[in-house]
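The values are calculated or read from the model by the stated rules, or taken from the named source; none is laboratory data. This is a predicted model, so every value here is computed, not measured. Note: ideal-geometry Cβ built from the backbone for every residue, glycine included; neighbour counts use all protein chains shown.
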Amino acid sequence: MVMKVIGLGDSVVDKYLDLNEMFPGGNALNFSVYAKKLGFDSAYMGILGDDEPGAHIIKTLKKYKIDISHCRVYKGETGYAEVNLDDGERVFVGGNKGGVLYENSFKIFQKDLEYLGDFDLIHTSCFSNIEESLEKLKKLNVPISFDFSSNISEHYLKEICPKIDFGIISCSNISVNETKNKLKTVVELGCDFALATRGEQGAYLYYQNEYFYQSAHKVVPLDTLGAGDSFLTSFLMDYMSKSNFSVEVIKKSLARAAKFAAETCLVNGAFGEGKKIN
């Protein structure tokens, strides 16, 4: 039976100013698309605006046959980020701070809980404005993965980690020792494992008191946006699919995740699907 997973929370369009194109993105949405690409039943539940970017996101998700039956469309702007090219690297230069997602509290109702309870994994993030609902979600006994990005203050980790199962952090701007300490903290606060992505410096996993390192696959990137999201999705799908997560299986799963992340770097946007900005 194929595993069912859902990305819950943030979606945006990334507006590439140099190309005058917008690409669907956002951590939770990217997870949903990458999981589908990897062969899993996938859904996305989030808040979109009633504008052209929102319509483009919906059209794209329908194209991938991702379940969007519980998405909400509100009057206003879909979240967007403005992105420019700086010496081959994509850099964020502006945006509307999440648009309707942050203008409307992402409340989880009873009918949503009944829907979410049928999934094998819920993935969300620090950009999803969902912290207040994590306690409710935890009671579903569905594993929850949470991407902290670089929001890894001790206070925030203490607030979130006891309510989730898998913690993912971005650590390219801190040392390896600091990365390892953060990973250990995430697990000590209640997570089954902690994963840290470090861009071209690779990734670290902390699982059952052991650290595992995975180097990044060397490619000439067209666009690095989405590499971390694709890495975490591939690894999570492997972890959830395996009954025996031995050292050998872990190493193979990390290697597969690195390969999948490298492939993501060969298209514009997190997974392509660009549309000209009118």
Item checked: Members of segment 61-89 that are within 22 Å of Asp118 (Cα to Cα) and in a loop (DSSP other than H, G, I, E, B) -> Tyr64, Lys65, Ile66, Ile68, Ser69, His70, Cys71
Notebook entry, point to check: Tell me, which strands (runs of 3 or more DSSP E) wholly within segment 167-246 include 1 or more residues that are surrounded by fewer than 19 Cβ atoms within 10 Å (Cβ to Cβ) and not hydroxyl-bearing (Ser, Thr, Tyr)?
Noted result: 210-214
Next item on the list: Could you tell me whether segment 48-60 includes any residue that is among the acidic types (Asp, Glu), under 17 Å from the mean Cα position of the chain (by Cα) and not in a loop (DSSP other than H, G, I, E, B)?
Entry: no
Item checked: Answer from Glu273, Glu188 - the residue that is more than 17 Å from the chain's Cα centre (by Cα), within 24 Å of Tyr80 (Cα to Cα) and not polar (S, T, N, Q) -> Glu273
Item checked: Hits in segment 134-166 - residues which are of a type in the set (S, T, N, Q) and either assigned to a loop (DSSP other than H, G, I, E, B) or surrounded by fewer than 22 Cβ atoms within 10 Å (Cβ to Cβ) (or both) -> Asn141, Ser149, Ser150, Asn151, Ser153
Notebook entry, point to check: Where residues in segment 18-37 are surrounded by fewer than 24 Cβ atoms within 10 Å (Cβ to Cβ) and at pLDDT 95 or above, which of them is farthest from the chain's Cα centre (by Cα)?
Noted result: Asn20
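Okay, residues lined up against (1) surrounded by fewer than 24 Cβ atoms within 10 Å (Cβ to Cβ); (2) within 19 Å of Leu121 (Cα to Cα); (3) touching a residue at least 40 places away in the same chain (Cβ under 8 Å); (4) in contact with a helix residue (DSSP H, G or I) (Cβ under 9 Å, 6 or more places away or on another chain):
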position	(1), (2), (3), (4)
Val2	yes, yes, no, no
Leu8	no, yes, yes, yes
Ile57	no, no, yes, yes
Leu85	yes, no, yes, no
Notebook entry, point to check: Inside segment 247-258, can you point out the residues that are surrounded by fewer than 24 Cβ atoms within 10 Å (Cβ to Cβ) and either under 18 Å from the mean Cα position of the chain (by Cα) or part of a loop (DSSP other than H, G, I, E, B) (or both)?
Noted result: Ser253, Leu254, Arg256, Ala258
Next item on the list: Output yes when any residue across segment 68-81 is buried (at least 18 other Cβ atoms within 10 Å of the Cβ) and either within 12 Å of Asp18 (Cα to Cα) or in contact with a Pro (Cβ under 7 Å, 6 or more places away or on another chain) (or both), and no when none is.
Entry: yes
Next item on the list: Could you please find all residues in segment 259-278 being outside any loop (DSSP other than H, G, I, E, B) and within 30 Å of Leu17 (Cβ to Cβ)?
Entry: Phe260, Ala261, Ala262, Glu263, Thr264, Lys275, Lys276
Notebook entry, point to check: Name the pairs whose Cβ atoms lie under 6 Å apart, with the first residue in segment 234-255 and touching a residue at least 40 places away in the same chain (Cβ under 8 Å) and over 18 Å from Tyr34 (Cα atoms), the second hydroxyl-bearing (Ser, Thr, Tyr) and surrounded by 14 or more Cβ atoms within 10 Å (Cβ to Cβ), and 6 or more positions between them or separate chains?
Noted result: none
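One line per residue, one yes/no per condition, for (1) closer than 24 Å to Gly98 by Cα; (2) in contact with a Phe, Trp or Tyr (Cβ under 9 Å, 6 or more places away or on another chain); (3) not acidic (Asp, Glu):
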position	(1), (2), (3)
Glu114	no, no, no
Gly117	no, no, yes
Ile130	yes, yes, yes
Glu135	yes, no, no
Cys171	yes, yes, yes
Val176	no, yes, yes
Leu189	no, no, yes
Ala203	no, yes, yes
